[in-house]
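Below: the structure, in structure tokens.
Please treat every number below as a calculation from the coordinates, not as lab data. Computed from a prediction, not measured in an experiment: that's the story for all the values here. All Cβ positions, glycine included, derive from the backbone under ideal geometry; neighbour counts span all protein chains shown.
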Amino acid sequence: MGNLSYCRFRNTLPDLRACVDALLDGPPDEAGEFRAAEKMRQICQDFLDAADCLDDYRACGKGCGQVIGLREICDCGEDD
Ligand SMILES: [Zn+2]
């Protein structure tokens, strides 16, 4: 089952961290896993390029759940 769009990043984060930790111990020793790791390498490079879109935004510091422009004041009125 695929990740729901509203939590895909949170759900993927621990798995991605586990993959990084595994690579730090050395390359996968099974061919399918090795090929998947190579594909992940390209996807991670694509992710870094796509993540440039994050630069102009931030999460509200008070946990209202909204994402706002970097210099905007949150309309929840509880911005930090
Ligand atoms: Zn807010």
Tally of residues being of a type in the set (Lys, Arg), surrounded by 11 or more Cβ atoms within 10 Å (Cβ to Cβ) and over 28 Å from Cys19 (Cα atoms) across the stretch 44-80: 1
Hits in the stretch 24-80 (condition: closer than 20 Å to Tyr6 by Cα and of a type in the set (S, T, N, Q)): Gln66
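The rows are residues; the columns are (1) more than 8 Å from the ligand (Cβ to nearest atom); (2) of a type in the set (Asp, Glu); (3) over 19 Å from the mean Cα position of the chain (by Cα).
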{"position": "Glu38", "(1), (2), (3)": "yes, yes, no"}
{"position": "Ile43", "(1), (2), (3)": "yes, no, no"}
{"position": "Leu48", "(1), (2), (3)": "yes, no, no"}
{"position": "Ala51", "(1), (2), (3)": "yes, no, no"}
{"position": "Leu54", "(1), (2), (3)": "yes, no, no"}
{"position": "Cys64", "(1), (2), (3)": "no, no, yes"}
{"position": "Ile68", "(1), (2), (3)": "no, no, no"}
{"position": "Ile73", "(1), (2), (3)": "yes, no, yes"}
Pairs with Cβ under 9 Å, 6+ apart, first in the stretch 49-64 and under 12 Å from Asp75 (Cα atoms), second of a type in the set (Gly, Ala, Ser) and away from the ligand (no atom under 16 Å from the Cβ): none
